[in-house]
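Comments concern the structure below.
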Amino acid sequence: MPLNAAVPADATSASQQIDARIASLDDWRGKTLATLRRIIKQADPQVVESVKWRGVPVWEHDGILCTGETYKTAVKMTFAKGAALDDPTGLFNASLEGNTRRAIDVHEGERIDTAALKALIRAAVELNVAGKAARAGRAVVPTGTNKAAAKKTKAGAKSTPAASSAPAARKVAATRASRPPTP
């Protein structure tokens, strides 16, 4: 089976598809992906598993937390909002140049720092929950976020149309009031 090929269609649930993906990798990559999956579920028992992008395992909690991609020389765990997370132990070692994602490449024989990874997963959950609460109008401050990224997000929120909707609404109302009625 190709490295990121879709799993058989007869595997109905996402969990079954991930099981099949792990089973199809009969080397260190399958064991590593299974270990990462176990750690994710321990860190967040409410995590929802899905499969996207031609068979890539995805773990979600109020949005995507991370993916589990397999390559010839690495199992890549990509955090969707990794750039906004503090990484005090330096787990992130790939996709470091972007403004959003961060990844952890695990190579054959490497040891996984379980405690640090669980902390990173929990911080990603907090960030997603805070984002969902903010969209719903409730303020929640995640504890494991990157201070600089949080400032960018906060500054960006001030310039969004939603934040400046009152002046815009007054301008639209004034424009409508100055127009003659249509027949």
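Values quoted throughout were computed directly from the atomic coordinates according to the rules given, and no laboratory measurement underlies them. Every value quoted in this text rests on a predicted model; they were computed, and no experiment measured them. Because the Cβ atoms are built from the backbone with ideal geometry, glycine has one as well, and the counts that use them run over all protein chains shown.
Using 18 Å as the Cα-Cα cut-off, could you pick out the over-long pairs in K31/K76; K41/K72; K41/K118; K52/K76; K76/K118?
Details: K31/K76 13 Å; K41/K72 25 Å; K41/K118 9 Å; K52/K76 15 Å; K76/K118 16 Å.
Those over the limit are K41/K72.
How about the range 42-81: which trypsin sites (Lys or Arg not before Pro) there lie in a loop by DSSP and see at most 10 other Cβ atoms within 10 Å?
On the way: sites: K52, R54, K72, K76, K81; in loops: R54, K72, K81.
Sparse-neighbourhood loop trypsin sites (Lys or Arg not before Pro): R54, K72.
What nm distance separates the two modelled labels at Q16 and W53, each placed 7 Å from Cα along Cα→Cβ?
It works out to 2.5 nm between the two label points.
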